[in-house]
Amino acid sequence: MSGLTAGVVLLVFAFFLGAMPWGYIAGRVLQGIDLRAIGSGGTGATNVLRSLGGKASAVVVTLDFLKGLLPVFIARFLGFGDIWIALVAVAPVVGHCWSPFIAFKGGKGVATGAGAAIALFPQTLLALPVMAAVVWSTRYVSLASLTSAVLVAVLAAGFAAAGRLEWSAALAITTIAVIIIVRHQANIHRLRSGTERRFGERVGV
């Protein structure tokens, strides 16, 4: 198998791994509901938390995180170059947000994006205290997610400018941050209007 073919195969694998809609599956298995029609309509861990509770959300966030982490580790283990690794980091986030398994709908990309970003750039973990502080002070998970995405992109660009991170990785992280922001457009509108749900609020099922 040529290097190009192997890279494409890995990209396809990463996309379809990311597309596995664990939140949707949890809703169907645990309560027979379609998360796309409940709460925010997303299939990520936050909507699972509001709709199904903490235990289900913890499982989903772990699985979604691994969807982003594992492809990057696999690409490195197989000896792919920096460009391929960067592409493989973005692919599962795209799959998660626009899953072909559920009519190209999905989550907001936060957990999957975090897994990919941490695999590329372990300093992403520096954003966790910031995210926790924003959730604690405002109880808006969406605001914390947006703040963290921007912070990690800025950090990655700074490290790349200082020669401490490949620019391909910084661009991948920036792309992931942009995807997260795009997927949060409805949340941004609700934050501006004061109608955004706060952490801990449950929705009726």
Query - Wholly enclosed helices (runs of 4 or more DSSP H) of the range 81-171 bearing at least 1 residues open to solvent by 30 Å² or more (accessible area, probe 1.4 Å) and among the aromatic types (Phe, Trp, Tyr) - result: 82-97, 127-138, 141-161
Query raised in the report: How about the range 139-184: which of its residues are of a type outside the set (A, V, I, L, M) and closer than 20 Å to residue 125 by Cβ?
Result: 145, 147, 148, 158, 159, 164, 166, 174, 175
Requested in this report: Give the number of residues within the range 19-48 that are buried (at least 24 other Cβ atoms within 10 Å of the Cβ), assigned to a helix (DSSP H, G or I) and among the β-branched types (Val, Ile, Thr).
Outcome: 2
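Each row is one residue, and each column tells you yes or no for (1) among the aromatic types (Phe, Trp, Tyr); (2) closer than 28 Å to residue 198 by Cα; (3) modelled with pLDDT of 95 or more.
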residue	(1), (2), (3)
29	no, yes, no
35	no, yes, no
47	no, yes, no
52	no, yes, no
58	no, yes, no
71	no, no, yes
90	no, no, yes
114	no, yes, yes
119	no, no, yes
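Results for (1) over 22 Å from residue 178 (Cβ atoms); (2) part of a loop (DSSP other than H, G, I, E, B); (3) without any contact (Cβ under 8 Å) to a residue 40 or more places away in the chain, shown as yes or no for each residue.
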position	(1), (2), (3)
15	no, no, no
51	yes, no, no
59	yes, no, yes
79	yes, yes, yes
**Report entry** Qualifying residue in the range 1-17 (condition: closer than 27 Å to residue 188 by Cα, buried (at least 21 other Cβ atoms within 10 Å of the Cβ), of a type in the set (Gly, Ala, Ser) and in contact with a helix residue (DSSP H, G or I) (Cβ under 6 Å, 6 or more places away or on another chain))
**Finding:** no
Query raised in the report: Do any residues in the range 168-195 that are touching a residue at least 24 places away in the same chain (Cβ under 8 Å) have Cβ atoms under 6 Å from those of residues that are open to solvent by 60 Å² or more (accessible area, probe 1.4 Å), where the two are at least six apart or on different chains, and which pairs are they?
Result: 168/82; 168/83
**Report entry** residue 65 aromatic (Phe, Trp, Tyr), buried (at least 19 other Cβ atoms within 10 Å of the Cβ), free of Cβ contacts under 8 Å to residues at least 60 places away in the same chain and part of a helix (DSSP H, G or I)
**Finding:** yes
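The values are calculated or read from the model by the stated rules, or taken from the named source; none is laboratory data. Quick caveat, the model's predicted, so the values are computed rather than measured. Cβ sites come from the backbone with ideal geometry, for glycine too, and all protein chains shown count toward neighbours. The protein model used for the area step is the full one, side chains on, heavy atoms only, and it has no ligands, DNA or RNA in it. Shrake-Rupley method; radii C 1.70, N 1.55, O 1.52, S 1.80 Å.
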